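**Q** Here it is, the structure, as structure tokens.
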Amino acid sequence: MREFRKIGVWQTAFLGDAVLTLPLLRALNLAFPDAGLHFFVRGGLEGLFAAQEGLASVTGFYKRGAQKGLGAAWSFGRELAGRGFDLWISPHASLRSAVVSFATGAPVRIGYRSPLYNRMAYTHTVDRRFRDFEEVERLLRLLRPLDLEPEPSTFPWPELTLPAEAETRAGELLGGLRRPLLGLHPGSTWPTKQWPVEYFAEVAGRAALAGAGVAVFAGPGEEADAARVVELSGAAGNVVDLAGQPNLPALAACIRRLDAYLTNDSGPMHLAWVQRVPTLALFGPTVRSLGFFPRGDTARVLEVDGLDCRPCGLHGPRKCPRGHHDCMRLLRPEQVWEHLAPMLGLQAQPAP
């Protein structure tokens, strides 16, 4: 097998996609321990992976900002060409990513066979076989041209290494809350992925009544949802709004300290399962079989069976195409609490 000195992995999709790439990075570390491994992520995510074991560097690509457009992608790729990458792997299948990959001039460049332009951008391509594999397995298939496809069932669990300052901040934010500690994330980039805010509030109230502390997290633009959960819960003293207070690495450290986490199908969901936090994920427009679900024995997905409109997209549209949003509305708070309470070591209580 050929040896490599400098390896680039390009994954500039969403937060969850970057987390799901950790097993691929781990496999490369094991196969080429003497190589420098460099991770390229969506701008704004680099702080999350800044302390990640096995990475020589983490670089953010601001495709929605200063580096927008194919011209910027080409320029960035040509800049990378001078850094001597001899292996380049890209799980991201956009035209922009193909342009960057081609421009690096790395002698070995691996990507997925589809779309068609990838066959011109990469020296080796792999059939993604989306319907046949889960996302981690699809990513590991990119190692096939190197004769390195690990068996996922025996592959070491990916570890997320966080900066010390993130752990310190998490202790400051959560130190005064009672145990067991439940985390809630009511937001999502995609509106149809959101379980109703009033449902989250009812679960928060039930958890507080049963003796748990509750921390409500929210990303940019989701602050109003977090405040509404606290307000409607009827237990503001034990349901705490932490919207906007932890940055991304500190959010991951906060999640690590939880006893259970209730979330939509969102990026922070992946911060939970990868750290073995008991996770209950609510899937509506998306389905587990798409392969982006929370993995491991501590995670569970709840979804409504029998709806012929599911899934309605890889991410979920902005609005329900049929106008009813039954995929989320029919997941009732009492049903969710019945599954969540044992994760916290509590008995399911009647509604407050």
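**Q** Quick one: compute the contact order of the stretch 164-343, relative version, from alpha carbon pairs under 8 angstrom and 6+ residues apart, as a percent.
**A** Normalised by residue count, the contact order of the stretch 164-343 is 25 percent.
**Q** Let's test the formula: R0 of 30 Å, r as the Cβ-Cβ distance of residue 245 and residue 30. What FRET efficiency results, to the nearest 0.05?
**A** It comes out at approximately 0.25.
**Q** Give the separation of the Cα centroids, the stretch 257-279 to the stretch 67-101, in Å.
**A** 32 Å
**Q** Can you give the calculated 222 nm mean residue ellipticity of the chain, where each DSSP H run of n ≥ 4 adds -39,500 (n - 2.57) and the sum is split over every residue, rounded to the nearest 500 deg cm²/dmol?
**A** Computed ellipticity for the chain at 222 nm equals -9000 deg cm²/dmol.
**Q** Work out the length of the dipole vector of the chain about its Cα centre, built from +1 on the beta-carbon of each Lys and Arg and -1 on the beta-carbon of each Asp and Glu, and round it to the nearest 20 debye.
**A** Here the size comes out at about 1060 debye.
**Q** A further question follows. Over the chain, what is the relative contact order in percent, taking alpha-carbon pairs closer than 8 angstrom and at least six residues apart?
**A** Result for the chain is 15 percent.
**Q** Still on this structure: I need the shape label for the stretch 6-154. Rule: rounded when a/c is under 1.5, else prolate if a/b > b/c, else oblate, with a, b, c from the alpha carbon gyration tensor.
**A** It is rounded, given that a/c, with a ≥ b ≥ c, falls under 1.5.
**Q** Which of 185, 92, 124, 325 comes first, and how do the rest follow, when ranked by fewest Cβ neighbours within 10 Å?
**A** Sorted ascending by nearby Cβ count, the order is 124, 325, 92, 185.
**Q** Just need the relative contact order of the stretch 102-144 here, percent rounded to a whole number, with Cα pairs under 8 Å and 6+ apart.
**A** It comes to 33 percent, rounded to a whole number.
**Q** If we count other beta carbons within 10 Å of each Cβ, what is the order of 269, 120, 343, fewest first?
**A** In increasing order of surrounding Cβ atoms, one gets 120, 343, 269.
Every number in this text was worked out from the coordinates using simple rules, so none of it is lab data. Keep in mind that this is a model prediction, so the values were computed, not measured. Cβ sites come from the backbone with ideal geometry, for glycine too, and all protein chains shown count toward neighbours.
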